[in-house]
Structures are given as structure tokens and as C-alpha cells.
Amino acid sequence: MHHTPAHDVPMQPTASWPAKRRITLTVNGAAKPFDVAPWPTRLDARRESLELTGTKKRCDHGPCGACTVLVDGRRILACLTLAIMKDGAAVTTVEGLGEGDARPPLQHAFVEHDACQCGDGTPGQICSAVGLMTEGRANTADDIRERMRGTLCWCGAYPNIVAAIDQVMHAGERGAGR
Amino acid sequence: MTPLSDTRAGDVATAVREVAADGAAQCIASGTNLIDLMQAHVERPSRLIDLTRLPLADIRPSADGGRRLGALVTNTDVAYDAPVERRYPLVSKAILAGASPPLRTMATGGGTLLQRTRGDDVDDTATPCHIRQPGTGCAAIDGCNRLHAILGPSAQASAVHPSDRCVALAALEAVIRLTGPGGERALPFAAFHRPPGDTPPLATNLAADAIITAVDLPPKGFAAHHAYLQIRDRTSDAFALVSVAAALAMDGDTITAARLALGGVAHQPWRDRDAEARLKGQSATRDHVQRAADALLRDARGFGHHPVTIELAQRAMGRALRRAAAGEAHR
């Protein structure tokens, strides 16, 4: 039985329930205002109010990394930040990286290397890998392993995940015949 | 999550005014620690003061030739700041040894100083914990205490400060800048955290009506002779059993000044000036560094579930000091 207010039933502010505040978020490229109470995490707000369920909710305490998304291009954990604190930010979830034929090379590489398995950790791993490549600090497979720390794979597909990221990270070099 | 209200502070004066006016409110910067505790119903603030808009997110040279890290600068941005990497590699390495990249990208300098001590029972509301509920005692002292304090615990509390960044800040003698209703003041790192004693819920000496605005790194960064060594059960999703920040000044093979801070073993990064003094004028032989490590640990006490931690700390300090003395070429 689900007792929390459903997203389609507006919560009525009362004297004891602080009112929602209007904030603006750019989510996957589209700026939109939405009303949020002060306490939901970004993860809950996104999944329940924006109906973007690609970002997964697992441990809800930080260690697993399943909820990793990109905020202003940098990887963060959506379960440990409040939606209201990110007013004005640009958020990219796994949905915003491209779907179907528009999927980026990283997602093709995950499929090619069988790095997805059960798939529950995959959206967080993909977002974390995009953040890793943007940071530009990883060069070797060991670097990738170290810098993907904190994004758990329940199926233990770590070698495949590292291989997929490594392939995309060095695609230009291989394409140039080096 | 418990319903709450929030106030967004746009400048330091507003933040201080709001903090001073409402003793029940809690400040939030990134929230990596506070939201975790709120999710576990350990913390139940009725109101949050959101500090994320304060102009405290830059790194700049300080007047004394050191480096001033704004309280909202994230751990990742400190670790990858080129002057910090060059002049204070101990700080960069300590940060990069801890947490995961997304957490480091979120966590701020102020929040890192203020993060709650960790223990097996602090976030388990089904167990007694004097930190969470004063007067209930510490379930870990007679229970599962593998990750708990071996130095400085009270009879009531044995949780440890888990930060890596703070271990380096302790060794470098960073200075914490605070602003309250009376203006700004500076506090040496060693005076910031409080021993648990009989009041473990008060983990720091930050006044209830003040906020952290910056952390100053002193001019001396010990870049030539430093080492950060962290030992934990596994390389992900684990806090340090022991971490060591070693910083030395050397004249040839002779140690002319030594700083040694131990993390993961007490309510704050642990230093001992007597142990450091034993290194002065010595070379970093196995015997000399071991004597300093033994001195630092002379009052260490295990509580049953961490028989290896004391020996681990001894060996880790010895190794870190020898690496620091060997210098960059041996790292």
C-alpha cells in the first residue's frame, strides 16, 4: 500500500506542511518550472513529478551510485541532494543522453560488451562514465576502475563496463590507427 | 523524509542572521551527510538554511602567501586546483583517496569539516547511541566496534571522524575562518573539533550562531616530503580503518620538522606533538619512525573487535613517514 501523496494528486499546504516553491530546472535540455516542497530529494522529485524513471533508486544513502546524474555537466548523486537546492541548474539524466538511434557511442559500447546485465545500475554507470570522460583525468583501465568507484554493479559486470568505457574513451586514437 | 521548510540565504550576513535567530534550524551546503542522516531519520530538522548561493565557492591566494579555500568549494575542485596539486599535494591525495567521484564533486569544504562522526550505530535508530540520543550510551563499546575509535573515546561514545581531507588539513595546520554576529574570526584546525567527553552531540566548537566561510592553507605545504596512506577493507564503499598524513621538512637525510596526523581512529584527526618532536633531528630509519608511531599510540585502546587496528596504525605511520622522507622520487 502506497501512502505517500501521488504525483497526480496535488498536496494541499496546511499550517504544518510547508508550502511548495516554484523552481526552474533545465532537464535534458528543456527548461521548465515546477513546484516542489522543500524536502524531496532530486531523485524522488524527478521520478515522481517529472516521470523520468531512468534514474534508479537503490540504496538512497549514497554508496551505490545507481542514481548518478549530471548537473551542469558534473556527476552527482540525486539521492543526496534536495531538488529545491538546484533551482536554475541543468540536469541530464540517462534519458537526456539519447535514445533509440540517437544513443551515444557509450551506450552502444555497453551493449556490445555485455556491460548491462540486469540493467538496474546501468543508468548511473552511464552517467558516471560520461562525467568521468568529461573530467579528462582517466587514461588507463586502472584509472577507469578507480574513477568509476561508487557506481556498483549488482551483477558484477565490472570488466565489461571498464572495457566499454575504455573503448569509447580511446575510439579516436584507434580510429587514427594508433 | 520529514517535512520541513527552507530559507535560501543569498549572502553571508543573511545566513548568519538566520542561523542566529533559529537555533533549531540546520545549515545545508551539499547535503551529502545531512540528507543521508535525514533519510535515516537520525536528523529531523524542521527548517534548513540553504547556503548554496553564498559567494564562498572560489579558491584564491591568501594574504600570507597560502591558499584560501572558500567553504563551498567542492572536494573535487580543491583536489584538481593546479596550485593545490603543486603546493599542497597532501591535500589533493587525501581527497582523492576518499569517497566516490560523485560524492567528492558534491561535498564542500565546510560540510567536510562538519560531517558527523561515524560508527556502526550512529545511523541505526534501533540501537543506543549517545551521539544520536544523549544518555543512551554507546552500543559499539561492547559490541561491533571494528571501525570505532582507538584514541580518545569517552565512556559514552566511540565514533570516528571519517574524513580524509581533514587528516591532511590537520597535518598542514589549516586555519578555519568563521563568521558570526560579532564578525569574522580564525580558528586553528586543532581547536575546531571537540573530544566526545560527556557531550558528544557537540562535535565541534563552531558556535550555534556562526558559519564556516573558508579554510586557509598556510604557506608551507610540505610538497617535497609528504605521504598520504589510507588502509581500508576494500577500495570502494568503505571508510578508512586507518589513514595517515605525513609531512616532513628535511635537511639531507635529517628530519628538521615533522607533522603526523592519523585518521579513522578518533573523533577528529589525531596528532601528538610529543611524537612529532621525537622525529626532529633524526633520519627516517625504521627504528626512529617506529618510536614516533609508538609514542602517538601510547594511549591507544582496542575494544575487542579491532585487534589489528593498533598494529595497522603503527605500521601505516612507519610506512608513510619513510615514504615522505624518501621524497617525490620514491613515490
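For the reader, a short list of remarks on this structure follows.
- Being of a type in the set (D, E, K, R) and touching a strand residue (DSSP E or B) at 6+ places or on another chain (Cβ under 7 Å) is not true of A:Asp114.
- Of the helices (runs of 4 or more DSSP H) that lie entirely inside region B:1-82, those containing 1 or more residues that are farther than 20 Å from B:Leu96 by Cβ span B:12-21, B:34-39.
- Taking region A:76-104 as the range and being over 11 Å from A:Leu43 (Cβ atoms), of a type outside the set (A, V, I, L, M) and part of a helix (DSSP H, G or I) as the test, the residues that pass are A:Lys86, A:Glu95, A:Gly96, A:Gly100, A:Asp101.
Yes/no matrix, rows are residues, columns are (1) touching a Cys at 6+ places or on another chain (Cβ under 6 Å); (2) aliphatic (A, V, I, L, M); (3) at pLDDT 95 or above; (4) closer than 21 Å to A:Glu135 by Cα:
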position: B:Thr14; (1), (2), (3), (4): no, no, yes, no
position: B:Ala20; (1), (2), (3), (4): no, yes, no, no
position: B:Gly23; (1), (2), (3), (4): no, no, no, no
position: B:Ser46; (1), (2), (3), (4): no, no, no, no
position: B:Gly70; (1), (2), (3), (4): no, no, yes, no
position: B:Val73; (1), (2), (3), (4): no, yes, yes, yes
position: B:Glu85; (1), (2), (3), (4): no, no, yes, yes
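- Residues that are touching a helix residue (DSSP H, G or I) at 6+ places or on another chain (Cβ under 8 Å) and free of Cβ contacts under 8 Å to residues at least 12 places away in the same chain, drawn from region B:84-126: B:Glu85, B:Pro102
- Meets criteria (on the phi > 0 side of the Ramachandran plot, more than 14 Å from every other protein chain (Cβ to nearest Cβ) and not basic (Lys, Arg)) for B:Gly70: no
- Count of region B:250-274 residues which are touching a helix residue (DSSP H, G or I) at 6+ places or on another chain (Cβ under 6 Å), farther than 30 Å from B:Ile141 by Cα and in a loop (DSSP other than H, G, I, E, B): 0
- Residue among B:Arg68, B:Arg47, B:Arg116, B:Arg104 that alone is within 24 Å of A:Gly88 (Cα to Cα), crowded, with 16+ Cβ neighbours inside 10 Å and charged (D, E, K, R): B:Arg104
- Region B:9-44, subset among the β-branched types (Val, Ile, Thr), in contact (Cβ under 8 Å) with a residue 60 or more places away in the chain and in contact with a Leu (Cβ under 9 Å, 6 or more places away or on another chain), residue surrounded by the most Cβ atoms within 10 Å (Cβ to Cβ): B:Thr32
- Search result, residues across region B:169-197 that are over 21 Å from B:Arg271 (Cα atoms) and out of contact with any Asp or Glu (no Cβ under 8 Å at 6 or more places or on another chain): B:Thr179, B:Gly182, B:Gly183, B:Glu184, B:Arg185
- Subset of region A:26-56 (residues that are of a type in the set (Lys, Arg) and either at the interface with chain B (Cβ under 7 Å from one of its Cβ atoms) or under 10 Å from the mean Cα position of the chain (by Cα) (or both)): A:Lys56
- Yes/no for A:Ala164 being at pLDDT 95 or above and more than 13 Å from chain B (Cβ to nearest Cβ): yes
- Candidate set from region A:148-161 (those that are surrounded by fewer than 22 Cβ atoms within 10 Å (Cβ to Cβ) and in a helix (DSSP H, G or I)); member that is farthest from the other protein chains (Cβ to nearest Cβ): A:Asn160
- Taking the listed residues B:Thr76, B:Thr52, the one that is farther than 25 Å from B:Ala13 by Cα and hydroxyl-bearing (Ser, Thr, Tyr) is B:Thr76, with no other qualifying.
- Region A:28-59, residues that are in contact with a helix residue (DSSP H, G or I) (Cβ under 7 Å, 6 or more places away or on another chain) and either surrounded by 21 or more Cβ atoms within 10 Å (Cβ to Cβ) or assigned to a strand (DSSP E or B) (or both): A:Val36, A:Pro38, A:Thr41, A:Arg42, A:Leu43, A:Ala45, A:Arg46, A:Thr55, A:Lys56
- Looking only at region B:21-33, and only at residues there that are touching a helix residue (DSSP H, G or I) at 6+ places or on another chain (Cβ under 8 Å) and among the hydrophobic types (A, V, I, L, M, F, W, C), the one that is nearest to the other protein chains (Cβ to nearest Cβ): B:Ile28
- Any chance A:Ala78 is surrounded by 22 or more Cβ atoms within 10 Å (Cβ to Cβ), under 16 Å from the mean Cα position of the chain (by Cα), over 21 Å from B:Arg53 (Cα atoms) and of a type in the set (Gly, Ala, Ser): no
- Looking at B:Thr235, B:Thr213, B:Thr204, just one residue is in contact with a strand residue (DSSP E or B) (Cβ under 8 Å, 6 or more places away or on another chain), surrounded by fewer than 20 Cβ atoms within 10 Å (Cβ to Cβ) and of a type in the set (Ser, Thr, Tyr), and that residue is B:Thr204.
The values are calculated or read from the model by the stated rules, or taken from the named source; none is laboratory data. Just so it is clear, the model here is predicted, and its values are computed rather than measured. With ideal geometry, Cβ positions are generated from the backbone for all residues, glycine too; neighbour counts draw on all protein chains shown.
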